[in-house]
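Below is one structure, written out as structure tokens; comments come after it.
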Amino acid sequence: MDQPNKADESKQETNPSGEPKSALSVNPGVSHAPAISPYIQEQRKSLSKKETTAESLAEGILAGNRTSLSKAITLVESNLEAHNDKAQAILELVMPKVGNSIRIGITGVPGVGKSTFIESFGSFILEQNRKLAVLAIDPSSQRTKGSILGDKTRMEVLSKSENAFIRPSPSSGSLGGVARKTRESMYLCEAAGFDTIIIETVGVGQSETQVHSMVDFFLLLMLAGAGDELQGIKRGIMEMADLIAINKADGPNEAYATRARAEYESALHLFPAPESKWTPRATTCSGLGGKGIDEIWKLIQDYITTTKTNGYYAKNREDQTKTWFEESLREAVLDQFFAKEGKKEAILRSETKLMSGKSTLLREIKSLLGN
């Protein structure tokens, strides 16, 4: 058996203590980098210590400060009364600068590629020297009310642009595909100088109609080859769309998308003419490849020009403000009703009577309302 070479032994590597390394030894590795940059950590500490009044936040928003905008949206979305009061004070200060943007609502069935489309469409908008804000509504858990809020991760290009602002928000059980305070968040973004606002809805199908009452242009994304094209999504939302875009129209799917476009365009002619006097269209696009994106932007520009010329654009915004007021009033009345002393106990008594069959629904409702 060969004897170990002494020259080789002398060259054997040693660890810092001078002892030779063995195959079983654990070499000191590189220390783990912090999950958050120390610079950002210091910024967070300084921001958390800094007292931010409604006036200072409003001033920051009007100056285009993203930190101020993010803080204000967080206050708007909060359920704490103190935060809501502060948020309303901020809104009052910035409202004179609100309204100077194109508001676009984008919805579609889950899996249609909304985030990929918005990434491509938003990048095109930025090339037009515009500033873009994306308010992305994520579905919330019915159990925990939490959500993943992953839209920023999926819109990598937009999230790095200094002229784009992406704000994911949980729907928190709100119906209609948007969050309860989406409209207020949109106003804050407009005040911060963003001239194009995209609201991406949850994407749950026919209930995605509330967004229509807060945007200028309503874009419905659809898929081809997913079943009966005209049953893929029902009339309630189709007749609200100003444009239907068949997404993922690339590769082998392009022929299916072209056929689906013709079918949807034929179906749109069956609906009553919209008040806007705009003829809804159907087109094809590819969020991944960028195909048809420029055509969609051109159609949006044509729509804005048409509706501003015939007066519908201004009237629609006035009607939307009235709708917002009525919805907010209903919410305030409900909150006030449930906050009254003894109402929770009275509701429990009424529920007991109903479940035991000792009373009727209408009788108990009138009793709770004091009629």
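The values are calculated or read from the model by the stated rules, or taken from the named source; none is laboratory data. These figures come from a predicted structure and were not determined experimentally. With ideal geometry, Cβ positions are generated from the backbone for all residues, glycine too; neighbour counts draw on all protein chains shown. These accessible areas exclude ligands, DNA and RNA; they are computed on the full protein's heavy atoms, side chains included. Shrake-Rupley method; radii C 1.70, N 1.55, O 1.52, S 1.80 Å.
Brief remarks follow.
- One residue stands out in region 44-73 among those that are within 26 Å of the chain's Cα centre (by Cα) and at pLDDT below 90: the one that is surrounded by the most Cβ atoms within 10 Å (Cβ to Cβ), namely THR52.
- Tabulated pairs, region 321-348, first open to solvent by 90 Å² or more (accessible area, probe 1.4 Å), second of a type in the set (Lys, Arg) and in a helix (DSSP H, G or I), C-beta under 8 angstrom, 6+ apart or interchain: PHE338/LYS344
- Any hit, region 255-269, residues being within 20 Å of the chain's Cα centre (by Cα), open to solvent by 40 Å² or more (accessible area, probe 1.4 Å), hydrophobic (A, V, I, L, M, F, W, C) and at pLDDT 85 or above: no
- Elements of type helices (runs of 4 or more DSSP H) in region 263-363, at least 3 residues being closer than 23 Å to ARG183 by Cα and touching a Ser or Thr at 6+ places or on another chain (Cβ under 6 Å): 312-339
- Taken over region 88-137, the criterion of being crowded, with 17+ Cβ neighbours inside 10 Å, in contact with a Phe, Trp or Tyr (Cβ under 8 Å, 6 or more places away or on another chain) and assigned to a loop (DSSP other than H, G, I, E, B) is satisfied by SER101, LYS131.
- Condition met for ASP250 (crowded, with 20+ Cβ neighbours inside 10 Å and modelled with pLDDT of 85 or more): no
- Matching residues, region 170-205, being closer than 16 Å to TRP324 by Cβ, of a type in the set (Asp, Glu) and modelled with pLDDT of 95 or more: GLU190
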